[in-house]
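The values are calculated or read from the model by the stated rules, or taken from the named source; none is laboratory data. Quick caveat: nothing in here was measured; it's all calculated off a predicted structure. Note: ideal-geometry Cβ built from the backbone for every residue, glycine included; neighbour counts use all protein chains shown.
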Amino acid sequence: MIQLPPLNTLELVSRLRRQATEHKGNAGKALLIGGAPGMAGALLLAANACLHLGAGWTILEMLDPASAHANAEQAELMIHLASKDAGQLIANTQPDLIAIGPGLGSSELAKDYLRACLLYPRIPLVIDADALNLIAQDKNLLELLQARNRTFHNSSVITPHPGEAARILQLSTQAIQADRIHAINELIKLTNSIVVLKSHHTLVGSSNHPPLVCQQGNPGMGTGGMGDVLTGAIAAIAAQGIEHHLDLWEATGIAVQLHASAADSLVARHIGPIGLTPTEVILEMRNLLNRLI
Ligand SMILES: NC(=O)C1=CN([C@@H]2O[C@H](COP(=O)(O)OP(=O)(O)OC[C@H]3O[C@@H](n4cnc5c(N)ncnc54)[C@H](OP(=O)(O)O)[C@@H]3O)[C@@H](O)[C@H]2O)[C@@H](O)CC1
Ligand SMILES: Nc1ncnc2c1ncn2[C@@H]1O[C@H](COP(=O)(O)OP(=O)(O)O)[C@@H](O)[C@H]1O
């Protein structure tokens, strides 16, 4: 067991309670970017989490042309084909929050979108999966992330699993797992970001907040797409947090704990650990959130 104070954020969920007159504009416009060919599902999972956890609008920039169309099973999602001129597209969308990475791939278009996100000022930015791999490979992208966080403090969160953390720090996955507290502190120092170092006992920390450990979660969460769901959950809670007085640090902590607690609650009812799906975790997170507000 990692000796760190526990993440204990769920009492903050009550700030998401809605006043009678609130409308979608109060719940935030989230722009999610990723879903290259073969990995459209990653972006859809993040988007479904974002929708079911309450974002006002969930807009997708999908890199896979074959998947960039209205989804009849989830018609609420606004799915665009990611086109050239990423900067202009983001400026036209005027998002309240951006999440980039699930299934993003490593194409030139993927890099253009990541660069445009890192240059887009001020708003909360969630960086996951292949977006982290691109930052690990390209010093210019890392410098853009560092500069963004120097100018807009605590405006970005990165959510590496141990493999992605290893690529960013140029270590092995085993080295990350052997000293996770050292790894998260190095990630914070290098990127100036809020950091979620995932896996059993996820750690959350930033330059202002010494790392905390999430004591919830279980091995049923080891299914492809589970991290994409976390990205969408952080996006939804941070997007609502803009008008509901939750900063990106608080929204991230809530999402991490809600995600792991939802998986535990399903396993307690024998829905997993074996065969637990990210989609079931999304619906259980919604259930838990509405019970807590
Ligand atoms: N439906 C879809 O479209 C889906 C699409 N997806 C998309 O696929 C893309 C590639 O992402 P990915 O995470 O699958 O592969 P990758 O970055 O090579 O990492 C794997 C390696 O990392 C490590 N590792 C990970 N967790 C660990 C842990 N807890 N504890 C310890 N080690 C751990 C482990 O490394 P090893 O131990 O082997 O060194 C493992 O082999 C990405 O864009 C994603 O969004 C997925 O989201 C799935 C659903
Ligand atoms: N054994 C475990 N105990 C607790 N949480 C786990 C365990 N295995 C995986 N998880 C959680 O599941 C999620 C997996 O994320 P990730 O590896 O990014 O998935 P993907 O890339 O397939 O979407 C993370 O939130 C991680 O903390």
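Data for the structure
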quantity	calculated
Hey, VAL213 under 23 Å from ILE123 (Cα atoms), at pLDDT 95 or above and not small (Gly, Ala, Ser) or not	no
Residue pairs meeting the criteria (Cβ under 8 Å; at least 6 apart or on separate chains; first of a type in the set (S, T, N, Q), in the stretch 168-188; second more than 14 Å from ligand 1 (Cβ to nearest atom))	ASN185/GLY205; ASN185/PRO211
Residue within the stretch 80-93 that is assigned to a loop (DSSP other than H, G, I, E, B), among the small types (Gly, Ala, Ser) and either modelled with pLDDT of 95 or more or within 16 Å of ligand 1 (Cβ to nearest atom) (or both) present	yes
The stretch 188-222, residues that are out of contact with any helix residue (DSSP H, G or I) (no Cβ under 6 Å at 6 or more places or on another chain), assigned to a helix (DSSP H, G or I) and within 10 Å of ligand 1 (Cβ to nearest atom)	PRO219
Residue in the stretch 47-54 that is within 16 Å of ligand 2 (Cβ to nearest atom), modelled with pLDDT of 95 or more, in a strand (DSSP E or B) and not small (Gly, Ala, Ser) present	no
Every residue from the stretch 154-174 that is at pLDDT 95 or above, part of a loop (DSSP other than H, G, I, E, B) and not aliphatic (A, V, I, L, M)	SER155, THR159, PRO160, HIS161, GLN170, SER172
Out of GLY222, GLY227, sole residue that is of a type outside the set (Ser, Thr, Tyr), under 22 Å from GLY103 (Cα atoms) and free of Cβ contacts under 8 Å to residues at least 12 places away in the same chain	GLY222
Exclusive hit being within 12 Å of ligand 2 (Cβ to nearest atom) and surrounded by 22 or more Cβ atoms within 10 Å (Cβ to Cβ), set GLN257, GLN240	GLN257
Close pairs (6 angstrom Cβ cut-off, 6 or more residues apart or separate chains): within 30 Å of HIS182 (Cβ to Cβ) in the stretch 1-24, surrounded by 11 or more Cβ atoms within 10 Å (Cβ to Cβ) and among the charged types (D, E, K, R) anywhere	LEU12/GLU250
